[in-house]
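See structure below.
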Amino acid sequence: MELSLAHPAVKAFVCGSFSGTCSTLLFQPLDLVKTRLQTSQSGMQPGSSRVGMTSVLLGVVRTERLLGLWKGASPSFVRTIPGVGIYFSSYHSLKQHFFQDSRPGAAQAVMLGGGARTVAGVVMLPITVIKTRFECGRYSYVSVSGALRSVCRSEGPAALFSGLMATLLRDVPFSGIYVMFYSQTKASLPPEISLSPSAPVANFSCGVLSGVLASLVTQPADVVKTHVQVNPQLRTTEAVRHIYTAHGLQGFFRGAVPRCLRRTMMAAMAWTVYEQMMAHVGLKS
């Protein structure tokens with residue numbers, strides 16, 4: 001069946017999956033560096049010298065070669081291709097159900113983005129846990145399926161949902177804030193820009209601004225999520241206390257630069273590609 005004849009939710013899923021594939025392939029190294037920066041805190045003594053983004057990047061290239069920067073790409077793809085598809089199809093379905101052809105306001109945009117991210121986040125959390133462990137360099141998993149079996153066998157299936165609360169506290173506000181800023185900045189563009197050939201560039205710029213703001217607000221939850229998923233014996237509250245005791249408030253912003261770059265560029269690219277593909281198949285995004 002051709003895509004043009006498919007159900008609108010299926011079209012949104014395919015468009016979202018394609019946009020997520022492109023952005024993951026390009027920006028996976030930033031996610032790996034972010035995870036290494038955050039997990040490096042565990043072995044550091046308070047007051048010791050900080051490890052920076054550049055030193056982590058060079059260290060990975062030196063010890064694991066250039067392709068080492070794409071370590072964790074396989075679980076990222078397994079997570080992103082269906083995950084972004086689920087997100088955009090949920091977003092499209094919620095928007096069509098509650099707003100149809102009307103433009104949602106700021107508060108409604110927050111609820112749309114947050115609702116879609118909740119669905120995608122819960123469904124894809126087991127793969128998110130595996131991806132985080134691949135990237136941190138502490139586990140010797142060979143494949144995604146093997147990692148899933150290993151975790152279930154040694155730690156129980158519940159370990160695949162470790163960090164659920166921190167993940168939702170990170171992803172739901174991020175998506176809600178992102179969609180709100182993105183929709184509002186896009187609405188403020190002059191009509192001649194929105195209808196011109198430069199519309200994708202304008203949309204991408206709106207996405208970059210929205211991504212920076214949303215990333216900074218949700219950075220502490222991302223640090224906590226990483227610690228819980230790498231150390232499943234930690235509860236969310238224990239991880240918060242450990243990070244604060246050992247490293248103070250600045251510990252919650254460890255890895256902020258690579259995460260901000262990655263999330264901002266990934267979200268901006270994903271939304272730009274998604275909207276162009278949706279227009280191509282004849283649907284409003």
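Computed values, structure above
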| item | result |
| --- | --- |
| Sequence ranges 211-221, 171-181, ranked by mean other-Cβ count within 10 angstrom, highest first | 171-181, 211-221 |
| Charge sum, other residues only, whose C-beta stays under 11 Å from Val60's C-beta, Lys/Arg counted +1 and Asp/Glu -1 | +2 |
| His7 versus His97: modelled label distance in nm, points set 7 Å from Cα along the beta carbon direction | 1.2 |
| Environment charge at Val228 (Cβ cut-off 9 Å; Lys +1, Arg +1, Asp -1, Glu -1) | +1 |
| Exposure of Phe253 as accessible area (Å², to 10), given a probe of 1.4 Å and all protein chains | 100 |
| Local electrostatic count at Val151 - Lys and Arg +1, Asp and Glu -1, tallied over other residues with Cβ under 14 Å | +4 |
| Candidates Val201, Val123, Val273: whichever shows maximal mean-square fluctuation once the chain is modelled as a Gaussian network with Cα springs under 10 Å | Val201 |
| Relative contact order for the stretch 195-285, counting Cα pairs under 8 Å that sit 6 or more residues apart, in percent | 43 |
| Per-residue ³J(HN,Hα) for the stretch 274-279, Karplus 6.51 cos²θ - 1.76 cosθ + 1.60, θ = phi - 60°, Hz, x for Gly and Pro | 4, 5, 5, 5, 4, 5 |
| Within the chain, longest stretch free of exposed GluC sites (Glu not before Pro) [DSSP loop, at most 15 other beta carbons within 10 Å] | 3-154 |
| Residue-normalised accessible area of the stretch 8-281, expressed per residue, 1.4 Å probe, Å² | 45 |
| Ranking by accessible area, most exposed first, for Val230, Val257, Val208, Val142 with a 1.4 Å probe | Val142, Val257, Val208, Val230 |
| Accessible surface ranking that places the most exposed of Ser19, Ser150, Ser198 first, with a 1.4 angstrom probe | Ser198, Ser150, Ser19 |
| Listed residues Val78, Val122, Val61, most fluctuating in the chain (Gaussian network, C-alpha, under 10 Å) | Val61 |
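The values are calculated or read from the model by the stated rules, or taken from the named source; none is laboratory data. Please read all numbers here as calculations on a predicted model, not as lab measurements. Heads up, the Cβs are rebuilt from the backbone with ideal geometry, glycines too, and the neighbour counts pull from every protein chain shown. Areas reflect the complete protein model, heavy atoms only, side chains present, ligands, DNA and RNA absent. Shrake-Rupley method; radii C 1.70, N 1.55, O 1.52, S 1.80 Å.
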